[in-house]
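Data first, discussion second: the structure below is written as structure tokens.
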Amino acid sequence: MPRSKEFDPDAAVGEAMELFWTQGYATTSPQQLGERMGIGRGSLYNAFKSKHALFELVLRRYHDLEAIKAIEFLEQPGPVKERVRRLLRMLIESDLNDPQRRGCLITNTAIELAGRDETATKLVARTFDRLEDALEAVIQEGQRSGELEPGLEPRSVASFLLNAINGLRVLGKTAEDSSRLDRVVEMVLRSF
């Protein structure tokens with residue numbers, strides 16, 4: 001009869017996510033992961049195969065929890081520009097209220113690993129694509145309602161907004177207050 005696992009794998013992935021989010025992939029050791037997750041190194045490898053496989057699970061979890069939250073902000077009712085403003089403000093407040101200033105795990109992973117880690121690059125791109133699709137949909141909605149100019153190229157505006165979001169997430173890691181970030185938001189909203 002197989003032994004039952006002495007830990008909750010879902011909770012363990014949550015703890016790993018917090019550690020990777022705080023420290024990044026490269027500087028997080030298997031020993032630190034085991035300690036944070038409350039399991040031995042052998043159990044870590046038995047349950048998750050490798051540090052990298054665990055990191056993949058973490059990126060998927062983050063996508064499902066955090067990236068989907070951003071998309072849900074865009075799907076709320078109301079004027080398009082106000083929804084975009086609320087999303088940007090929510091991200092700024094989230095970043096500034098985090099004492100560790102971790103920013104966005106997906107953005108951090110893009111900076112740390114994109115181009116050097118094929119799987120991480122694909123998982124980051126998947127999240128960026130999903131958010132860009134949601135941004136494009138809200139721009140198209142604004143055009144249909146007459147709130148936004150019909151001549152705008154929705155995908156280009158969505159790409160611009162995705163870039164602005166990632167820039168805000170990076171700036172938020174070092175901002176002393178929201179003043180610079182607020183200026184960015186106002187310029188972004190004037191641009192479309």
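Here, each number is a calculation from the coordinates, and none is a lab measurement. Owing to the predicted nature of the structure, the values given are computational and were not obtained by experimental measurement. Ideal geometry is used to build each Cβ from the backbone, glycine not excepted, and the neighbour counts take in all protein chains shown.
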Response to the item:
Pairing a residue in region 55-77 that is more than 22 Å from PRO9 (Cβ to Cβ) with any residue that is part of a helix (DSSP H, G or I) and of a type in the set (Asp, Glu), where Cβ atoms lie under 9 Å and the two sit 6 or more apart in sequence or on different chains, gives ILE71/ASP133
Item to complete: Quick one: in region 82-139, of everything that is among the acidic types (Asp, Glu) and over 28 Å from LEU152 (Cα atoms), which residue is surrounded by the most Cβ atoms within 10 Å (Cβ to Cβ)?
Response: ASP95
Worksheet entry | Pair list, Cβ < 7 Å and 6+ apart or interchain, from region 17-34 residues that are closer than 17 Å to LEU57 by Cβ to residues that are among the small types (Gly, Ala, Ser) and buried (at least 20 other Cβ atoms within 10 Å of the Cβ) | LEU33/ALA16
Discussion item. Just the residues that are surrounded by 15 or more Cβ atoms within 10 Å (Cβ to Cβ) and in contact (Cβ under 8 Å) with a residue 12 or more places away in the chain, please, taken from region 140-151.
Written reply: GLN140, GLU141, GLY142, LEU148
Item to complete: Enumerate the helices (runs of 4 or more DSSP H) found wholly within region 10-65, keeping only those where 3 or more residues are touching a Leu at 6+ places or on another chain (Cβ under 8 Å), of a type in the set (A, V, I, L, M, F, W, C) and closer than 17 Å to LYS122 by Cα.
Response: 51-62
